[in-house]
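The values are calculated or read from the model by the stated rules, or taken from the named source; none is laboratory data. Here the structure is a predicted model, which is why all the values come from computation and not from measurement. Quick reminder, even Gly has a Cβ in these numbers, built from the backbone with ideal geometry, and neighbours come from all protein chains shown.
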Amino acid sequence: MRQSIWGGGKVGVVAWQLEVVEAVFGDGGRVGQSLEGVSRAFMSAWKVACTCTDPSTVVVSGGTYVVGPVQFQGPCRAPMGFRVQGTLKAPTDHNRFELQDGWVIFQDIDSLIISGGGTFDGQGHTAWGQNNCARTGTCNLLLVNLCFTKVTNSIIQHNFLNSKLFHMDILNCWNMTLQYVTINATGDSLNTDGIHMGRSTGVNISDAIIKTGDDSLSIGDGSQHINVEKVTCGPGHGISVGSLGKYHNEEPVVGVTVKNCTLINTMNGIRVKTWPDSPASVATDLHFEDIIMNNVGNPILINQEYCPYDQCQAKVPSQVKISDVSFQGICSMSGTQILPDKEEETENIGMKLNIAAISLLLLLTSVAEVSGDTYFDVTKYGAQADGKTDISQALLTAWEAACASPIVSRVVIPAGIYALGQVTIEGPCKAPINLIVKGTVRAPVDTSRFKPQAGWVAFQHLDQFTLSGYGVFDGQGQSVWGQKCSRTKYCHQLPINLRFNFLTNSIIKDITSKDSKQFHINLLGCRNITFFQVAITAPEDSQNTDGIHIGRSRGVNITHSTIQTGDDCVSIGDGSEQIDITKVNCGPGHGISVGSLGLYKNEAPVIGIRVKNCTLSDTTNGVRVKTWPSSPQGTATEMHFHDIVMNNVSNPIIIDQEYCPHNQCNLQVPSRVKLSNISFKNIRGTTSTELAVNLVCSKGAPCQKVELGNIDLKYTGPEGTASSQCKNVEATLWGTQQPKTCAQAA
């Protein structure tokens with residue numbers, strides 16, 4: 001083993017690497033060695049790394065390796081990485097293998113990162129012509145390229161070629177991100193779905209290219225909170241929900257969003273397909289938005305009579321209930337209009353009308369009609385959209401009815417302006433539930449009407465919850481921002497707009513929090529929760545209005561969101577683990593902060609923070625880690641800030657272990673919060689302060705394993721150039737260093 005620093009991935013710095021080439025083979029292990037020997041070496045390296053108490057990665061250096069099948073088994077004692085810099089090839093003789101789940105299998109692993117820019121080549125061209133998948137099931141004997149089973153809080157970034165069967169299969173997984181994935185197979189490769197998923201929650205796929213011989217993406221039963229964005233498909237069979245209803249005891253499909261994707265030369269476009277003569281099941285909250293179709297057959301398709309090769313009794317209708325489906329902003333480059341079915345929610349569907357190549361098929365059976373028992377409109381319970389009448393009781397009554405439903409339910413606040421008092425929306429509920437806010441709800445202006453520290457709208461003890469609808473939560477905080485929050489306890493008595501307490505496997509998307517009296521959003525005790533396309537807005541002089549504050553929570557993803565406020569855009573408190581912040585626009589505000597930490601006793605460790613591909617504009621700070629001096633002992637580790645653009649930002653890069661606003665502490669006693677494994681990479685732009693990089697660590701617990709690479713910050717002031725300061729830190733430097741950093745580091 002050798003010690004190294006690696007800053008990629010969600011779980012952060014990999015403290016140890018096991019290099020397959022150096023540690024196991026020397027320079028061997030490439031084409032020509034025995035298949036069994038290479039496979040054993042891979043698995044042996046994994047087993048050693050998996051037992052390490054520090055985060056570890058197995059590295060496959062450049063070269064070509066024939067390997068497999070191999071299984072990488074957890075659980076491991078710390079976060080794991082698998083970095084492939086070369087090419088892995090599957091055996092071409094598929095007949096020599098018994099029935100397998102896959103060629104490369106990852107199972108029972110938490111916090112896994114697969115990266116490195118290499119390739120998994122299934123060499124499937126030898127198998128495609130030897131089966132008849134649809135009629136005989138022979139495909140079941142072939143190998144899936146990669147199988148992920150019970151993998152949680154993980155990131156996949158890689159290239160996949162020519163699988164014999166599916167390229168990737170995701171089963172019973174939670175909180176997975178697939179980003180910058182490339183999948184390639186010929187258009188005539190049978191049953192080579194790009195990514196298939198089932199029984200999984202919180203899967204995010206973005207910025208991917210998928211060319212294959214079957215569905216680019218296929219979403220099976222039990223899939224919940226699936227987000228697909230900026231994926232280019234084709235050739236292939238398009239993006240499919242289903243097929244569903246073929247087997248007994250299939251689980252509901254809830255919350256699928258496909259957005260900003262392009263399909264080119266695919267056999268189908270976006271579709272939902274269920275078998276006739278099926279057992280009862282549910283698919284709901286399915287949304288396809290802003291899709292470009294170029295020469296696509298069957299661009300929009302709901303088919304509840306899906307019966308390839310007459311394998312079913314088509315005269316018996318499907319019992320899969322499909323509801324809450326929308327197609328919006330779907331067009332070809334020509335934008336020629338085609339009229340949608342009037343019963344489907346559609347907007348701006350434009351398509352070049354080519355009867356030979358394109359048809360709009362909405363084959364809905366009678367059993368697919370929305371059941372009234374699953375849809376709870378608050379106006380049916382007495383809510384009035386007059387902006388004056390408190391709808392609290394109507395909302396809570398509708399919620400209680402929905403929460404008691406044994407099937408997936410929706411509570412809807414329609415368009416309009418509503419007054420809403422302080423409410424707590426409570427679980428657990430009997431089935432997944434979605435609160436759809438289409439209107440604007442306004443908080444009371446009079447703060448005496450709130451119980452202290454309870455929040456304006458609180459959600460707690462919920463699993464598989466979705467908040468969506470493009471609505472607005474208006475906290476009407478203008479009347480309180482002038483109070484002296486920072487020096488008094490006044491702000492702590494003010495209501496937070498939205499509190500999420502003890503939520504699991506949930507998604508917050510397409511909502512706006514406006515003008516909160518205190519924090520906009522607060523998370524406590526949450527697991528596996530995603531914020532997608534959330535907008536937060538308040539003036540820059542609104543005190544203590546942090547955008548999103550996270551504490552004692554694990555597996556939080558914040559992505560494609562805009563935060564403009566008067567305090568931290570995102571603040572990460574103690575006990576936060578595996579927090580992923582990507583593609584967030586921040587500013588005005590105080591930037592993105594880990595901390596402050598160390599103010600209280602018994603704070604829990606902060607582990608695994610990734611801030612990536614974000615833009616900060618006109619903020620008083622950039623990315624920072626802050627701890628109090630004279631603090632109890634604590635830990636914060638594996639924090640990574642990569643690919644950040646700074647526009648006119650003060651103090652762009654900060655570690656401040658002497659954080660002491662308004663002299664509320666003893667600066668003479670050093671902080672005892674131990675910071676380690678921190679990286680700042682590819683950070684560029686402009687700084688409005690000369691001091692662009694300020695790393696002030698504790699003399700009692702100096703920072704360890706700090707890395708800065710490709711820092712390019714230009715000072716925009718009238719005189720001078722950007723500078724840096726470093727105390728009690730030894731940093732590893734590489735690439736561009738503007739300003740020169742830590743040259744005098746203590």
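Each residue in segment 498-523 was checked for being over 20 Å from residue 256 (Cα atoms) and in a loop (DSSP other than H, G, I, E, B), and 6 pass.
The set of residues in segment 544-569 being over 18 Å from residue 475 (Cβ atoms) and modelled with pLDDT of 95 or more consists of 550, 551, 552, 553. The residue of segment 391-414 that is farthest from residue 281 (Cα to Cα), among those that are outside any helix (DSSP H, G or I) and hydrophobic (A, V, I, L, M, F, W, C), is 391.
From the set of residues in segment 524-543 that are part of a loop (DSSP other than H, G, I, E, B) and on the phi > 0 side of the Ramachandran plot, which is modelled with the highest pLDDT? Checking each candidate, the answer is 525.
Tell me, which residue of segment 415-458 that is part of a loop (DSSP other than H, G, I, E, B) and of a type in the set (Phe, Trp, Tyr) is surrounded by the most Cβ atoms within 10 Å (Cβ to Cβ)? Once the filter is applied, the top-ranked residue is 456. A single member of 547, 608, 591 is of a type outside the set (D, E, K, R), touching a strand residue (DSSP E or B) at 6+ places or on another chain (Cβ under 8 Å) and not assigned by TED's automatic domain parsing to the domain that holds residue 648, and it is 547. Just so you know, in segment 244-285 the residues that are among the hydroxyl-bearing types (Ser, Thr, Tyr) and in contact with a strand residue (DSSP E or B) (Cβ under 6 Å, 6 or more places away or on another chain) include one that is surrounded by the most Cβ atoms within 10 Å (Cβ to Cβ), and it is 274. Looking across segment 523-554, the residues that are within 24 Å of residue 444 (Cβ to Cβ) and crowded, with 24+ Cβ neighbours inside 10 Å come down to 523, 534, 536, 538, 542, 545, 546, 547, 548.
Of everything in segment 183-194 that's β-branched (Val, Ile, Thr) and touching a His at 6+ places or on another chain (Cβ under 7 Å), which residue is nearest to residue 230 (Cα to Cα)? Going through the qualifying residues, I end up with 183. When segment 291-328 is filtered for residues that are within 28 Å of the chain's Cα centre (by Cα) and either modelled with pLDDT under 90 or among the small types (Gly, Ala, Ser) (or both), the ones remaining, listed by number, are 323, 324, 326, 328. Which residue, of 257, 262, 266, is touching a Ser or Thr at 6+ places or on another chain (Cβ under 7 Å) and among the β-branched types (Val, Ile, Thr)? Result of the check over 257, 262, 266: 262. Can you tell me which residues in segment 566-585 are assigned to a strand (DSSP E or B) and on the phi > 0 side of the Ramachandran plot? Residues satisfying the conditions are 578, 583.
Taken over segment 512-568, the criterion of being over 15 Å from residue 587 (Cα atoms) and basic (Lys, Arg) is satisfied by 517, 527, 552, 554.
Of the residues contained in segment 654-669, one or more are found to be among the β-branched types (Val, Ile, Thr), in the same structural domain as residue 735 (by TED's automatic domain parsing) and modelled with pLDDT of 95 or more.
Answer yes or no: is there a residue in segment 204-213 that is more than 23 Å from residue 559 (Cβ to Cβ) and touching a helix residue (DSSP H, G or I) at 6+ places or on another chain (Cβ under 9 Å). The answer is yes; a qualifying residue exists. If you take the residues of segment 380-414 that are under 28 Å from the mean Cα position of the chain (by Cα) and of a type in the set (A, V, I, L, M), which of them is surrounded by the fewest Cβ atoms within 10 Å (Cβ to Cβ)? For segment 380-414, the residue satisfying everything is 407.
Taking the conditions (1) touching a strand residue (DSSP E or B) at 6+ places or on another chain (Cβ under 7 Å); (2) in a loop (DSSP other than H, G, I, E, B) in turn, residue 188 satisfies each one other than (1).
Scoring residue 164 on the criteria (1) farther than 21 Å from residue 69 by Cα; (2) in contact (Cβ under 8 Å) with a residue 60 or more places away in the chain; (3) over 21 Å from the mean Cα position of the chain (by Cα) leaves a single failure, condition (1).
Just checking, which of 675, 691 is assigned by TED's automatic domain parsing to the domain that holds residue 635, crowded, with 22+ Cβ neighbours inside 10 Å, within 22 Å of residue 596 (Cβ to Cβ) and in contact with a Ser or Thr (Cβ under 9 Å, 6 or more places away or on another chain)?
One residue alone meets the criteria, 675.
Entry remark, segment 588-602: residues being out of contact with any Phe, Trp or Tyr (no Cβ under 9 Å at 6 or more places or on another chain) and either at pLDDT 95 or above or surrounded by 24 or more Cβ atoms within 10 Å (Cβ to Cβ) (or both) number 6 in total. Residues in segment 197-212 that are surrounded by fewer than 21 Cβ atoms within 10 Å (Cβ to Cβ) and touching a Gly at 6+ places or on another chain (Cβ under 7 Å): 198, 199. Among the residues of segment 98-110, write down those that are at pLDDT 85 or above and of a type outside the set (Phe, Trp, Tyr). Correct list: 102, 104, 105, 107, 108, 109, 110. Could you tell me whether residue 559 is of a type in the set (Val, Ile, Thr), touching a residue at least 60 places away in the same chain (Cβ under 8 Å) and assigned to a loop (DSSP other than H, G, I, E, B)? Answer is no for this residue.
Looking only at residues in segment 286-315 that are in a helix (DSSP H, G or I) and of a type outside the set (D, E, K, R), the one that is surrounded by the fewest Cβ atoms within 10 Å (Cβ to Cβ) is 309.
Scanning segment 60-86 for residues that are assigned to a strand (DSSP E or B), over 11 Å from residue 112 (Cβ atoms) and not polar (S, T, N, Q) returns 60, 65, 66, 70, 83, 84. What's the total number of residues in segment 707-746 that are under 23 Å from residue 660 (Cα atoms) and in a strand (DSSP E or B)? So the count comes out to 6. Pairing each residue of segment 463-489 that is surrounded by fewer than 22 Cβ atoms within 10 Å (Cβ to Cβ) and in a strand (DSSP E or B) with any residue that is at pLDDT below 90 and not polar (S, T, N, Q), provided the two are 6+ apart or on different chains, yields C-beta distances under 9 Å for 463/432.
I need the full set of residues from segment 505-523 which are modelled with pLDDT of 90 or more and among the hydroxyl-bearing types (Ser, Thr, Tyr), in order please. Result: 512, 513, 516. If we scan segment 69-86, do we find a residue that is surrounded by 14 or more Cβ atoms within 10 Å (Cβ to Cβ), modelled with pLDDT under 85 and over 30 Å from residue 675 (Cβ atoms)? There is no residue in segment 69-86 that is surrounded by 14 or more Cβ atoms within 10 Å (Cβ to Cβ), modelled with pLDDT under 85 and over 30 Å from residue 675 (Cβ atoms). For residue 172, the conditions (1) in contact with a helix residue (DSSP H, G or I) (Cβ under 8 Å, 6 or more places away or on another chain); (2) farther than 17 Å from residue 159 by Cα; (3) polar (S, T, N, Q) all hold with the exception of (1).
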